[in-house]
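To keep things clear, I will list the structure first and then write my remarks on it.
The values are calculated or read from the model by the stated rules, or taken from the named source; none is laboratory data. Quantities reported herein were computed from a predicted structural model and do not represent experimental measurements. Neighbour counts are summed over all protein chains in view; Cβ atoms, including those assigned to glycine, are modelled from backbone coordinates with ideal geometry. Ligands, DNA and RNA are excluded from the accessible area calculation, which covers all protein heavy atoms including side chains. Shrake-Rupley method; radii C 1.70, N 1.55, O 1.52, S 1.80 Å.
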There are 2 protein chains.
Amino acid sequence: MAGSNSSDEPRSFQVRRLQITDKSKGFIELLRQLSVCDSVSDDEFRDRFQELNYLGDDHVICVIEDGNSGKIVATGSVFIEKKFLRNCGKVGHIEDVVVDRDARGLQLGRKVVAFLTEHARSMGCYKVVLDCSTENLAFYEKCGFKQKEVQMVQYFI
Amino acid sequence: MAGSNSSDEPRSFQVRRLQITDKSKGFIELLRQLSVCDSVSDDEFRDRFQELNYLGDDHVICVIEDGNSGKIVATGSVFIEKKFLRNCGKVGHIEDVVVDRDARGLQLGRKVVAFLTEHARSMGCYKVVLDCSTENLAFYEKCGFKQKEVQMVQYFI
């Protein structure tokens, strides 16, 4: 993919917030590279988009659109948890970071994580956290994260 | 503490949602047993309480009040993250579970975690997650959780 840019223009990879039109640019197909995401209808997408939009800066999903192909090639999200702890502190939680398998090696993951981390900082969070597999640990260390606790999960379905 | 119940009545430990009057019942002092929580004024407490209240069932803090002493002896919180993944699925995130050091051994932690887990299930979440230290891993396994990923953190202050 790095060699598939047939135009003379350099490929443009700006991070921006998710827009409702991104469904038709491969956003759901990209999420499928991370986990199960079978069928999301246009109505379901719009409803969830509006629910999240309602939370404003407290829940931000960012994407990178390949300026040449018009396809969404990376995404990630961060939501802001409001606590009483830490003198009514706030914590950013990063979730669902994924880079298109055809767009790896372009530092897009780092761009996404930097965008989300900076958002958490600008919101006044005292820390930002995420859970990752051991295979991705080195990547997040390069992004400035340190290993802390153990994630536990209970599935309902 | 287990032997300090001078009344003939059995001690009552009902889980309920946080109320604004719980600040005067030792809620902040209890959080201090978990992490830093120096000074929270009545105004700051009220403002944060109202912010969270505004989120309704999407962010619930529960407490256990000792029916005899009127003191808050356990707490925990859960917030509901709305995703596009998993067909617009939802995930419950449990945070800030703590039991008063004088009220341990009474299964209050399990009561709190069961309440929060059941709330996430009732909200339609497909899973509930939390991060814990390795010392608390066995406790959460007893609560029905399994170890999954690694928590990474970046502190801003």
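Any idea which residue in segment B:107-157 is surrounded by the fewest Cβ atoms within 10 Å (Cβ to Cβ), counting only those that are more than 7 Å from chain A (Cβ to nearest Cβ) and among the acidic types (Asp, Glu)? The extreme case among them is B:GLU135. Please tell me if A:SER77 is among the hydroxyl-bearing types (Ser, Thr, Tyr), under 22 Å from B:LEU52 (Cα atoms) and open to solvent by less than 30 Å² (accessible area, probe 1.4 Å). Answer is yes for this residue.
Across segment A:29-80, the number of residues qualifying as at pLDDT 95 or above and at the interface with chain B (Cβ under 7 Å from one of its Cβ atoms) comes to 6. Within segment A:104-149, can you find the residues that are basic (Lys, Arg) and either at pLDDT below 95 or not in a helix (DSSP H, G or I) (or both)? Within segment A:104-149, A:ARG104, A:LYS127, A:LYS146, A:LYS148 qualify.
A search for C-beta distances below 6 Å between a residue of segment B:81-95 that is more than 7 Å from chain A (Cβ to nearest Cβ) and any residue that is part of a helix (DSSP H, G or I), counting only pairs 6+ apart in sequence or on different chains, returns B:GLY92/B:ALA120; B:ILE94/B:LEU116. Only a single item in (1) closer than 22 Å to B:PHE49 by Cα; (2) at pLDDT 95 or above; (3) surrounded by fewer than 20 Cβ atoms within 10 Å (Cβ to Cβ) is not met by A:GLY92, and it is number (3).
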